[in-house]
Amino acid sequence: MNDAALKLSNVKRSFRQGRVELEVLRGVDLAIRPGEIVALVGPSGTGKSTLLQISGLLEKPTSGEVLIAGTSAGTLSDDKRTALRRLHLGFVYQYHHLLPEFSALENVVLPQMIAGTGKGEAAKRATRLLEGMGLADRIKHRPAELSGGEQQRVAICRALANSPRLLLADEPTGNLDPHTSDHVFAAFLRLVREEGLAALIATHNPDLAARMDRTVSLSEGRLRESVPAE
Ligand SMILES: Nc1ncnc2c1ncn2[C@@H]1O[C@H](COP(=O)(O)OP(=O)(O)OP(=O)(O)O)[C@@H](O)[C@H]1O
């Protein structure tokens with residue numbers, strides 16, 4: 001299996017704002033190998049979220065090609081795009097978006113059942129993921145009964161529930177205080193590595209970026225490989 005988990009070729013994206021055409025992405029190329037964890041950095045408003053949305057098939061580029069695990073998304077019907085997204089992609093956002101009326105366990109079980117996994121098997125995997133994130137004694141709790149860091153750990157488990165090939169994360173610990181962010185991020189990286197996932201993770205935090213395999217930097221619509229400082 002040599003296909004890149006994610007491959008972007010000459011991806012462009014413009015937005016019309018009134019009379020002005022805003023060229024946010026001006027020809028982005030990126031390939032992420034299976035198991036590779038890549039930090040996406042760049043000043044606020046340069047298009048990191050837009051790039052993640054396009055990579056996650058939630059938005060279409062104005063032009064260019066997006067391949068997920070070797071499948072080109074551009075010519076697919078909406079149903080097939082959705083199926084490709086469900087099969088291969090996991091998302092973590094700055095805010096957890098957990099379902100408030102369900103327990104931590106149920107929040108991680110539900111997406112698996114929607115994907116067709118039996119309840120028993122789904123519960124087993126959910127328990128394993130939550131335990132791996134240090135939440136063994138919190139699985140019956142509802143989101144409101146959990147701390148911000150615990151809620152975000154559950155959201156990370158939910159993103160991994162269906163064993164995606166590629167995880168896309170937008171400031172996954174941006175909502176947490178620095179100490180909690182550090183702990184949650186360490187657990188997050190450990191789990192992503194254990195699962196052998198590829199990941200593209202947008203962050204403003206250089207310490208978090210330094211813990212990933214490499215960093216790409218978005219500036220003026222183009223993506224550059226960042227060379228770490230000596
Ligand atoms: N749907 C949209 N319509 C019009 N303009 C948009 C739309 N989505 C994003 N933009 C513009 O595209 C630019 C990039 O936005 P984006 O949210 O991708 O940046 P970002 O790098 O993720 O920023 P931040 O680090 O602050 O989250 C911004 O100028 C934004 O206003």
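The values are calculated or read from the model by the stated rules, or taken from the named source; none is laboratory data. It should be emphasised that the depicted structure is a prediction, and the values quoted were computed from it without experimental measurement. Backbone-built Cβ (ideal geometry, glycine too); neighbour counts: all protein chains shown. With ligands, DNA and RNA removed, areas are computed over all heavy atoms of the protein, side chains included. Shrake-Rupley method; radii C 1.70, N 1.55, O 1.52, S 1.80 Å.
One table, with the values for the structure above:
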quantity	calculated
Percent RCO, i.e. relative contact order, over the chain, from Cα pairs under 8 Å lying at least 6 residues apart	29 percent
Mean ellipticity per residue at 222 nm, deg cm²/dmol - from DSSP H runs of n ≥ 4 across the chain, formula -39500 (n - 2.57)	-10500 deg cm²/dmol
The chain - Kirkwood radius from inverse mean 1/r over Cα pairs (Å)	18.2 Å
Histogram of C-alpha separations across the range 19-138, 5 Å bin width, %	2, 8, 15, 18, 17, 16, 12, 7, 4, 1, 0
Cα gyration tensor, the range 4-65 - rounded (a/c under 1.5), prolate or oblate	prolate
Long-range tail of P(r) for the range 45-101 (Cα pairs > 17 Å, %)	43 percent
Dipole axis of the range 1-99 (+1 Lys, Arg; -1 Asp, Glu on Cβ), positive-most option in 6, 72, 56	56
Prolate/oblate/rounded label for the range 183-230 (Cα gyration tensor, a/c 1.5)	prolate
Net dipole in debye of the range 101-171 [+1 Lys, Arg Cβ; -1 Asp, Glu Cβ; about Cα centre; nearest 20]	300 debye
Sorted peptide list for 74-84, 145-155, 39-49, criterion being average Cβ within 10 angstrom, highest first	145-155, 39-49, 74-84
Pairwise Cα inverse-distance average, inverted: Kirkwood Rh of the range 92-169 (Å)	12.2 Å
Residue among 167, 143, 45 farthest towards the positive dipole end of the chain, charges placed on Cβ	167
Bridge type composition, the chain - antiparallel percent by DSSP, nearest 5	55 percent
Listed residues 115, 126, 191: farthest to the positive end of the dipole of the chain (Cβ charges)	115
Highest average packing first - 25-33, 160-168, Cβ atoms within 10 Å	160-168, 25-33
The range 43-83-the range 87-138 distance, computed between alpha-carbon centres (Å)	25 Å
Loop sites in the range 1-107: GluC sites (Glu not before Pro), DSSP, at most 12 other Cβ within 10 Å	101
Charged-residue dipole, Cβ positions (Lys, Arg, Asp, Glu), the chain about Cα centre, Debye nearest 20	560 debye
Cα-Cα pairs of the range 95-230 separated by more than 17 Å (percent)	60 percent
Percent accessible area from carbon and sulfur atoms, the range 12-151, protein chains only, probe 1.4 Å	51 percent
Computed magnitude of the charge dipole of the range 100-230 (debye, nearest 20; Cβ of K, R +1, Cβ of D, E -1)	500 debye
Convex hull volume of the range 143-204 per residue (C-alpha atoms, cubic angstrom)	78 Å³
